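What follows is calculated from the coordinates using simple rules that are stated; it is not laboratory data. Since this is a predicted model, take the numbers as computed values, not measurements. Cβ atoms come from the backbone with ideal geometry, glycine included; neighbour counts cover every protein chain shown.
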Amino acid sequence: MRVYEIIAICPEAPDIMGAYGLHCFSCSIGGVESLEDGCSLHGFTEETLEALIDDLNDAVRAAPARPREVTITPLAARAIREIAQQEGLAGHGLAVVPDSQGGFCMEFCAAAEPEDFTFSCAEEPDVPVFVSPMILWRVGGSVIDFREGRFKLDLPEDASCTCDGKSCGCASAQHEVH
């Protein structure tokens with residue numbers, strides 16, 4: 001996997017990688033190189049790479065399970081349709097994909113990939129949103145909304161959240177989608 005994909009599904013990845021002396025998560029090449037490539041370029045042994053992968057997999061397994069669904073608000077669906085029409089992409093869907101900083105963005109595509117899940121809003125069923133199983137593992141249960149002139153990806157509270165629920169300050173609770 002590419003480094004930024006790992007960071008998107010495992011928020012702890014930068015800390016884990018940093019503990020190994022691997023800082024690809026902050027490097028511009030981290031968006032295009034695989035974890036194996038980064039380790040190879042930095043002289044890691046095969047055993048060290050395997051230990052790093054084990055630690056990353058342990059962190060992924062420890063994360064709370066998420067529902068296999070994404071909700072799109074009517075306002076977001078209408079905004080998606082409007083942008084698609086303005087861009088000459090009527091009939092296209094929007095895919096949630098990882099960005100180069102370990103967050104998420106959305107991009108138009110003509111069709112879902114074979115393994116993708118397709119979601120839509122009940123009030124606007126002709127506006128599909130595609131999410132890969134890998135991304136759904138991280139954003140499942142979230143809501144895509146459009147407010148303050150931007151798309152927002154609101155994740156359900158993590159089990160580890162210690163905020164009061166009214167003004168959650170957890171970095172994982174809400175992500176802007178670019």
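Data table
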{"item": "Packing-based order for 123-136, 75-88, using average beta carbon neighbours within 10 Å, highest first", "result": "123-136, 75-88"}
{"item": "Computed lengthening from residue 110 to residue 148, 0.36 nm per intervening residue step minus Cα-Cα distance", "result": "11.0 nm"}
